[in-house]
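Written below as structure tokens is the structure these notes are about.
Just so it is clear, none of the values below were taken in a lab; they were calculated from the coordinates. All figures in this text were calculated on a predicted structure; none of them were measured in a lab. Please note: Cβ atoms are built from the backbone with ideal geometry, for glycine as well, and neighbour counts cover all protein chains shown.
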Amino acid sequence: MSISRADLITQNQRKIETYSDFHNNMVRHPVSNQLVILRNEDAVRQAFKNLVYTNVFSRFFNPYFGTNVRKSMFDLDTPFLIDDVRSAIMLSARQFEPRINIVHVAVLGYDNNGLDVNIVFRLVNNPNLIELPLVIKRVR
């Protein structure tokens with residue numbers, strides 16, 4: 001049995017990129033006592049939530065990072081407010097989160113002194129949709 005040239009050439013498989021991050025609360029694993037690591041969808045979901053909750057000019061070395069969604073908590077509930085929040089979230093995602101493609105941002109309005117936002121996005125390397133429900137409340 002002879003080996004053909006096609007059998008010797010192997011195809012390069014595309015490696016799926018893995019995203020990882022530490023948990024925000026720095027939680028330790030109960031058995032290994034190591035920091036808990038979030039991977040892929042959970043890591044990107046946490047990073048995007050941090051991006052939405054961060055105010056502009058609150059990071060010293062990257063002052064334009066974040067959204068000013070929390071300042072809208074003091075505005076009147078109008079259709080312009082909903083459009084401003086939606087566009088601020090989409091703009092910040094385009095600028096600071098290259099790992100995601102936003103499919104839909106739904107601002108549901110005020111409820112119990114908070115703004116309900118539902119964000120649907122997908123990772124660049126994964127076709128599955130990821131839903132991120134957020135409640136943006138005023139910080140005192």
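For segment 92-109, filtering for residues that are in contact with a strand residue (DSSP E or B) (Cβ under 9 Å, 6 or more places away or on another chain), closer than 15 Å to Val52 by Cβ and of a type in the set (Gly, Ala, Ser) leaves 2.
The set of residues in segment 110-120 that are closer than 15 Å to Tyr53 by Cα and more than 19 Å from the chain's Cα centre (by Cα) contains only Gly114. So for segment 20-35 (the condition being in contact with a Lys or Arg (Cβ under 7 Å, 6 or more places away or on another chain) and part of a loop (DSSP other than H, G, I, E, B)), does at least one residue qualify? Yes; the residues of segment 20-35 include at least one that is in contact with a Lys or Arg (Cβ under 7 Å, 6 or more places away or on another chain) and part of a loop (DSSP other than H, G, I, E, B). Counting only residues that are assigned to a helix (DSSP H, G or I) and closer than 20 Å to Met26 by Cα, segment 53-70 holds 1 of them. Residues in segment 72-109 that are among the aromatic types (Phe, Trp, Tyr) and either exposed (fewer than 15 other Cβ atoms within 10 Å of the Cβ) or in a loop (DSSP other than H, G, I, E, B) (or both): Phe74, Phe80. When you check Asn118 against the structure, is it surrounded by fewer than 18 Cβ atoms within 10 Å (Cβ to Cβ), under 26 Å from Tyr19 (Cα atoms) and either touching a residue at least 40 places away in the same chain (Cβ under 8 Å) or not aromatic (Phe, Trp, Tyr) (or both), yes or no? In short, yes.
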